[in-house]
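Notes follow the structure.
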Amino acid sequence: MTQAQNCLTKECSSTEKSREKVLNPWVDITETDDALILTADMPGVAEEDIDITFHDHVLTIEASKTESEHEGLKPYYVEHAAGRYLRRFKVTEEVQRDGIEATLKDGVLRLTLPKAQPVVAQKIKVLTA
Amino acid sequence: MLSTAFRRHWDPWQELNRLPDEMNRIFSGFSDAVRAGAQAFPPVNVYSGEDRLVVTAEVPGLSADDIDITVEGDALTIKGSRPAEELQENEKYHRRERGRGEFSRTLRLPFEVDASKTDAEYAQGVLTVVLHKPEESKPKKITVKRAS
């Protein structure tokens, strides 16, 4: 059966997707007094290709990476390829979800997760009966 | 030792589902085995055509001025430096995987190139170098004349 015939079925298309190469971007993570900062090397991606989600304390960074086409040329030596960048972290620190900021510059993603303000302990006055 | 153990304990970041990806790396062929191990930096691709070559290198986080490209005969050298990021006061690392410092990589190209015709571009952390074969080494078509 040819590849094309194979891919007429739905199952196949999902197999095709999962066969996409998963790439682990290298990351640095630092912490300051008021934020957690994640820096990830993701060369070859554009802003619109990045998906960042924060749900149930789980931060997921996903991005599809494409390789530029070179018309009339054949690959001679290959070390980097298209694929899907993926890293997932559980963040145990309380984070202000609405304050999360992301920037992408020269293939480096920088995420700032501001820490939630600590809850001020409330003093409860005991009344004497 | 103690400090490492302590660090682990309060690490606010816990990585999830990393293993399947590692498995993916291990099982998807030779190029990945190289990638997971001691891979040269930057990773490069070489595309070859009849009269030109395109070399792409993944060098995120640099500016075009930080990259030094030299061509000599059939050797291409890509050099640069990625400085360590300066931390703010009270900022500390939980994870530090990204490479830093100086790098240099020399590639042996499939043929000699004309250094004067080299073009380079840097976008999205990827360096693209276009190299051309010199005129004199291009195959020349010779027509056979009929002897009179």
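A short reminder: the numbers here are calculations on the coordinates, not readings from a lab. For clarity, every value in this text was computed on a predicted model and none was experimentally measured. Backbone-built Cβ (ideal geometry, glycine too); neighbour counts: all protein chains shown.
A few comments on the model shown:
- For segment A:20-129, the fraction of alpha-carbon pairs in successive 10 Å shells from zero, as %: 12, 36, 24, 12, 8, 4, 2, 1, 0, 0
- Values of log10 I(q)/I(0) for segment B:63-103 across q = 0.14, 0.15, 0.17, 0.23 Å⁻¹ run -0.49, -0.54, -0.63, -0.86, by the Debye formula with one identical scatterer at each alpha carbon and no solvent.
- Prolate/oblate/rounded label for segment A:84-129 (Cα gyration tensor, a/c 1.5): prolate
- Neighbour-count order for A:Ser64, B:Ser116, fewest beta carbons within 10 angstrom listed first: B:Ser116, A:Ser64
- Lys pairs, segment B:43-148 - Cα-Cα below 22 angstrom, 8 or more residues apart or on other chains: 5
- Evaluated at q = 0.13, 0.15, 0.22 Å⁻¹: base-10 log I(q)/I(0), Debye formula over Cα of segment A:22-86: -0.48, -0.60, -1.02
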